[in-house]
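One structure below.
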Amino acid sequence: MGYSIQYITGAIGGTLRQGHGDTTIEHLLLDSRRLIFPATSLFFAVKGPRRDGSRFIKELYKRGVRNFVVAQHLPDLPGANVIVVPDTLTALQQLAAAHRRHFNLPVIGITGSNGKTIIKEWLNQLLEEDHQIVRSPKSYNSQTGVPLSVWQLEPRHQLAIFEAGISRKGEMVRLEPIIHPTIGVFTNLGEAHSEGFASLAEKAAEKLKLFVHAEVLVYCSDQPDIVNAIGAAGLSAKVFSWGRGEGAALRILSIEKIAGWTTMVIKGAAEFSVSIPFTDPASIENALHCVAVQLVLGQPVDKIRTRMALLAPIAMRLELKSGINHCSIINDSYSADLNSLSIALDFLSQQQQHQRRTVILSDFLESGREENELYTTIAQTLGQKQVDRLIGIGARIGAHATAFGEWFPGESIFYPDVATFLSDLHQLHFRDETILIKGARIFEFEEIDRVLTAQIHQTVMEVDLNAMADNLRQFRQLLAPGTRMMAMVKAFGYGSGSFEIANLLQFHGIDWLGVAYADEGVVLRKGGIRVPIMVMNTENSSFHLLAEYNLEPVIYSFSLLRTFDRWLKKEGIPAFPVHIELETGMNRLGFPPEEVDLLLEALPTAAFKVLSVFSHFAASEEAQQDAFTRHQGEVYTNTARRIGTALGYSFIRHLANSAGIIRHPGLQLDMVRLGIGLYGIDTVGSDRLQLREVSTLKTTIAQIKHPGAGNTIGYNRRGMATATTVIATVRIGYADGYSRSLGNGVGKMWINGHLAPTIGVISMDMTMIDITGIPDVKEGDEVVVFGKQLSVRQLAEWSQTIPYEILTSVSQRVKRVYFEE
């Protein structure tokens, strides 16, 4: 479904300053990296806290985009349509709202603190056999995500499910006319994203503004904050509540958990029971919301009972992990639709470590589109994303091999089912490539994932790429306009990985990367990283690597300066970029104040060009050291000014680290260096940022024992059992980075909602933990060493060290799994 440029101009109240034909717009574009169909795309140059979309207009014009919405008149773009509006974000929302008004169908709007995406996906599972459904992709629930979600509405759809999230007052009022739900679901009310509200009551009142025109509102009557907010809101919607209390329209009589299943006895118009294959409280709550919505839609109880028993876990993330033959595997094998394919291909595009890209794709079932149109669109999309090879699995995708031959320039191979594909695996020669596995649940691509994934030690480090990107955004919001940012990815990315982290940072527009040694920079260059890379610890033996891989060395001493200068002149390399390090109080590396006069004499005649001059704060996170920090700033500023005068040209000045960005904004200068803060560790303890730790270290239980009173545990018999002691041996030891200082009860691990102390000393590959009294623990269960449930800061305190050491000590034999929600 498309709209003319004239219609769009009127719908958003804009002025068509340049008009060149009545183009039909089918796609909305906010991010230049997500361009697929340039001829029918309309780009909104939205301005964010750190990124102005208008910067990408010329690039998009070169790539074939001819339709733009801007907040200011731009230079002439021959053949382009340019609509000028007061505010591009408002225009985007107005266009989506106008699109929504063309449809008269049931629309489920979901908001709340938690569970929105799970409920949306489960409702899709439960209702997709009976309806053509459109829903928000993943968790597109923001001020920009909601318009893009609603834009997917087409005449073929019979039901829509959209989620909406807000972080401050006034946002829901803008989203309501875009979604305009007929059925509302208020999941729950918690502390998540509460910093923009004065109280929970204010937060609830703001969220309820989504339902001012809803016909029915579903909620849990056991939550008094929600009940009170609904009473105060004066909504005209009919309420349909569930809960244990007498007043609930859907009363929960009992909840029983047995062998991984939960059975709920419910009384509505009649009494009935529902069973689900989950036992955790969040899943039970989400399931009850789904039961209520199905009843509102008139689903028969028998059908509800049957389908609830078939609910499948929702894979909420794309996972990146190591594969066979030096491949990288992206697993997104829980759904197959155009929206989630686009998201997965964006993630694939971020990965630069391999030149070759393969996509393994199943049939797209129940899309509601005419099949030839559907598979032609998929073929075009794969071609636009520069995929090299398609492996299609299923009867329907194979039947449209001709469309792929016509529209997809890469190699395409088709198999009728997974078994046939696996039998032919040895002939497909997977090697040194990135492989995206994407298929509908019915195809059970888990076996493909298992076969292609390298066998890994059961102790793994999970790295949350969403959390890292969010931490980056939060620090950027603290920067003055024009201040650049260097991200430190030394020491294997603080234990999180090298090129995987650098790929993410490059995708999000980081200005510079910093590594410790040249070989770390070489790994990044071989992994496809193109942004500038500064090498902190320059060694004479690495000069040839610096030149070959375009790495920028730090010059910190006269011996290094003279040696590198002679090498450059001998090799005939002029104006090689370097960074000069000054000593201002750390007393580690750098030119001290007493050597500055000699430095001023040496720099103008050197064969290199100074890109930046920097120094290190010694204690920027400590308030009691602020006078010394200011002194460092003065010494640095005065010295940098003198160097600028001697050189006769400008360079970048940088001094502030993660703590300095927060506590000393006046010393941000031209660039800042973000290190441990990127990984979610706030060394300042400030309330200004809501950082999320990005790493979770997990292992599993190898064996459970009941040693009996008087028996000893571990080397040197340091652990002692009582009559009731139960111990679990878990697959992690000091060779994996779990410090021996955490033995004998000093450290603890998280299992089944409880902390279990270590018992005995830490072995090289194993650790024993005391699980006495912890229910339902069995061999093979997951154990969290640190993560969301147990902060790395807490582990550092127990170990009497700092989070830096905990993170960087995790051995590289511990495999990293990278995921994006």
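When you filter the chymotrypsin sites (Phe, Trp or Tyr not before Pro) in segment 380-462 for DSSP loop state and at most 11 other Cβ atoms inside 10 Å of their Cβ, nothing is left.
Using a probe radius of 1.4 angstrom, the carbon and sulfur fraction of the accessible surface of segment 199-350 is 54%. Full extension of the chain between Glu805 and Gln384 yields a length gain of 147.2 nm, computed as 0.36 nm times the residue separation minus the alpha carbon distance. Annotation: amide H-H contacts under 5 Å for Ile266 (H modelled 1.01 Å from N, sequence separation of 5 or more, or interchain): Leu253, Phe272, Ser273, Val274. Between the amide H of Ala454 and those of Gly323, Ile324, distances stay under 5 Å, these residues lying 5 or more places away or on another chain, with hydrogens modeled in the peptide plane. Only DSSP H runs of four or more residues enter the estimate; each adds -39500 (n - 2.57), and after division by the residues of the chain the mean residue ellipticity at 222 nm equals -8500 deg cm²/dmol. Per residue, the solvent-accessible area of segment 717-821 (1.4 Å probe, heavy atoms of protein chains only, all protein chains present) comes to 46 Å². Under a 5 Å amide H cut-off, with hydrogens placed 1.01 Å from N, Phe278 pairs with Thr262 among residues at least 5 apart or on other chains. To the nearest 10, the accessible area of His706 is 130 Å² with a 1.4 Å probe. Rounded to the nearest Å, what's the spacing between the alpha carbon centres of segment 708-770 and segment 242-287? Just the number, please. If you average the Cα positions of each part, the centres end up 39 Å apart.
Among the listed pairs Lys698/Lys778; Lys58/Lys609; Lys748/Lys778; Lys116/Lys698, a Cα-Cα separation exceeding 23 Å is found for Lys58/Lys609; Lys116/Lys698.
Note that segment 498-539 presents 30 Å² accessible area per residue, ligands and nucleic acids not counted, probe 1.4 Å. A simple count of charges around Val451, restricted to other residues whose Cβ falls under 14 Å of its Cβ and scoring Lys, Arg +1 and Asp, Glu -1, yields -3. Legend: calculated FRET efficiency, Arg441 to His544, from the Cβ-Cβ distance at R0 = 60 Å, rounded to 0.05, equals 0.70. Here the 3J(HN,Hα) profile of segment 22-36, calculated from phi with Karplus coefficients 6.51, -1.76 and 1.60 at θ = phi - 60°, is 8, 5, 8, 9, 10, 10, 9, 10, 10, 10, 4, 6, 10, 5, 10 Hz, Gly and Pro shown as x. Per residue, segment 310-384 exposes 33 Å² of accessible surface when a 1.4 Å probe is rolled over the protein heavy atoms with every protein chain present. Only the Cβ atoms of Lys and Arg (+1) and of Asp and Glu (-1) were treated as charged; on that basis the dipole of segment 283-367 about its Cα centre amounts to roughly 160 debye.
For a straight C-alpha distance cut-off of 19 angstrom, the aspartates and glutamates reachable from Lys569 (same-chain residues fewer than eight places away being disregarded) are Glu539, Glu548, Glu552, Glu601. Treating r as the C-beta distance of Arg369 and Ala723 and R0 as 56 Å, the FRET efficiency rounds to 0.25. For the chain, the relative contact order comes to 8 percent (Cα pairs under 8 Å, sequence separation of at least 6).
Computing log10 I(q)/I(0) by the Debye sum over Cα atoms at q = 0.04, 0.05, 0.06, 0.08 Å⁻¹ directly from the structure and comparing it against (i) -0.18, -0.28, -0.41, -0.72; (ii) -0.20, -0.32, -0.46, -0.84; (iii) -0.26, -0.40, -0.55, -0.85 singles out (ii).
For segment 467-546, which whole-number percentage of the solvent-accessible area (1.4 Å probe, protein heavy atoms only) is attributable to carbon and sulfur atoms?
53
Summary of the geometry: segment 371-417 and segment 1-56, compared by the centres of their Cα atoms, lie 28 Å apart.
Each residue of segment 705-719 is assigned a 3J(HN,Hα), and the resulting list reads 9, 10, x, x, 4, x, 7, 9, 10, x, 4, 6, 6, 7, x Hz, derived from the Karplus form 6.51 cos²θ - 1.76 cosθ + 1.60 (θ = phi - 60°), x at Gly and Pro. Under 20 Å of direct C-alpha separation, and excluding same-chain neighbours fewer than eight residues apart, Lys238 reaches these lysines: Lys207, Lys209, Lys267. The accessible-area ordering, largest first, of the residues Lys209, Lys116 stands as Lys209, Lys116, per a 1.4 angstrom probe.
Peptide packing for 644-650, 665-671 was compared via the average number of neighbouring C-beta atoms within 10 Å per residue; ordered from the highest value, the list is 665-671, 644-650.
Can you give the net charge of the other residues whose Cβ lies under 10 Å from the Cβ of Ile166, counting K and R as +1 and D and E as -1? Don't skip to the end; give the middle numbers.
Details: positive: Arg168, Lys169, Arg174, Lys203, Lys207, Lys209; negative: Glu171, Glu206.
My count for the surroundings of Ile166 gives +4.
Shown for segment 591-742: the carbon plus sulfur share of the solvent-accessible area, taken with all protein chains present and a 1.4 angstrom probe, equals 46%.
For the set Lys62/Lys169; Lys438/Lys705; Lys203/Lys788, the pairs lying more than 29 angstrom apart at their alpha carbons are Lys62/Lys169; Lys438/Lys705. Across segment 128-143, computed HN-Hα scalar couplings (Karplus, 6.51 cos²θ - 1.76 cosθ + 1.60, θ = phi - 60°) run 5, 5, 9, 9, 7, 10, 10, 9, 4, x, 6, 10, 6, 10, 9, 5 Hz from first to last residue, x flagging Gly and Pro. Measuring nothing but how far apart in sequence close Cα pairs (under 8 Å, 6+ apart) lie, relative to its length, segment 1-91 scores a relative contact order of 32 percent.
FRET efficiency for the Asp511 to Glu271 pair, using the beta carbon distance and R₀ = 45 Å, is estimated at 0.10.
The values are calculated or read from the model by the stated rules, or taken from the named source; none is laboratory data. Here the structure is a predicted model, which means the values were calculated and not measured. No Cβ is skipped: glycine too gets one built from the backbone with ideal geometry, and neighbour counts run over all protein chains shown. SASA here: full protein model, heavy atoms, side chains in, ligands and nucleic acids out. Shrake-Rupley method; radii C 1.70, N 1.55, O 1.52, S 1.80 Å.
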